[in-house]
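What follows is a single structure, written as structure tokens, with notes after it.
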């Protein structure tokens, strides 16, 4: 019979900042700041009491406040209605959407500065607008997945020997709070579908970032040294990624 305890939780307020703390069976304390409003969460080892957790958080307040400021100032797109005339980002470039109804398979094409969305002509009664929007959005997201599937393998082939660690597998999914994630035990990397909207240099940065995490779990000194060595301009790419407009639906 397992004797492992479940996590325990507490809420601390440190210099006006509310922090949700979860005590777990882990070795190190982890602090994270989450969009859209900069909620602060901490995963702490059970061996630490609240006073030690408070001191650890207080030592990172400058970093926490900077992350919160970036979230507050980040440009956000309003919800896309998937109609002709609105703008969508493709690899960091704003393109004007044109919806074209005609018989045949739904698909997406690029035409210079335009993003063409081909959808079957509706021969039945008018559909619910939300259903129409969701169906069109699924077509666009499938195209974005295809774009990422083309872009990611060459990046892995380039950067795995440079970083010194190979991903056992990788996948694409929508994530609300992370641009990428990895499982060091399985060697699997996940990349956010939203990266298809960002400049290619941002995708490259996230790929390298997650490969580095296969070596170093935390964002500590050794992780920073590794990133500085393999991708010296990573801070600039991270800043560009943080400046890029955020999708409204990521935070709902």
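What about residue 99, is it buried (at least 16 other Cβ atoms within 10 Å of the Cβ), in contact with a strand residue (DSSP E or B) (Cβ under 8 Å, 6 or more places away or on another chain) and assigned by TED's automatic domain parsing to the domain that holds residue 200? So residue 99 fits the description; yes. Can residue 164 be described as outside the structural domain of residue 31 (by TED's automatic domain parsing), over 30 Å from residue 38 (Cβ atoms) and touching a strand residue (DSSP E or B) at 6+ places or on another chain (Cβ under 9 Å)? Here the answer is no, as residue 164 does not meet what is asked.
Filter the stretch 168-188 for residues that are assigned to a loop (DSSP other than H, G, I, E, B) and in contact with a helix residue (DSSP H, G or I) (Cβ under 6 Å, 6 or more places away or on another chain); which is surrounded by the fewest Cβ atoms within 10 Å (Cβ to Cβ)? Before you say what the answer is, go through the steps one by one.
Quick first cut of the stretch 168-188, residues assigned to a loop (DSSP other than H, G, I, E, B) only: 168, 174-179, 184-187.
Retained after the next criterion (residues that are in contact with a helix residue (DSSP H, G or I) (Cβ under 6 Å, 6 or more places away or on another chain)): 174, 176, 179.
Values: 174: 11, 176: 14, 179: 20.
Checked the stretch 168-188; the qualifying residue surrounded by the fewest Cβ atoms within 10 Å (Cβ to Cβ) is 174.
In this structure, residue 150 does not qualify as more than 25 Å from residue 40 (Cβ to Cβ) and buried (at least 20 other Cβ atoms within 10 Å of the Cβ). Residue 33 passes every criterion in (1) at pLDDT below 90; (2) outside any strand (DSSP E or B); (3) within 22 Å of residue 219 (Cα to Cα) apart from (2).
Suppose the filter is at pLDDT 95 or above and more than 17 Å from residue 169 (Cβ to Cβ); does residue 203 pass it?
Working: at pLDDT 95 or above: yes; more than 17 Å from residue 169 (Cβ to Cβ): yes.
It is true that residue 203 is at pLDDT 95 or above and more than 17 Å from residue 169 (Cβ to Cβ).
Would you say residue 113 is surrounded by fewer than 15 Cβ atoms within 10 Å (Cβ to Cβ) and over 25 Å from the mean Cα position of the chain (by Cα)? Taking the combined requirement at face value, the residue satisfies it.
The values are calculated or read from the model by the stated rules, or taken from the named source; none is laboratory data. Just so we're clear, the structure is a prediction, and the values are computed from it rather than from any experiment. Neighbour counts run over all protein chains shown; Cβ positions are idealised from the backbone, glycine included.
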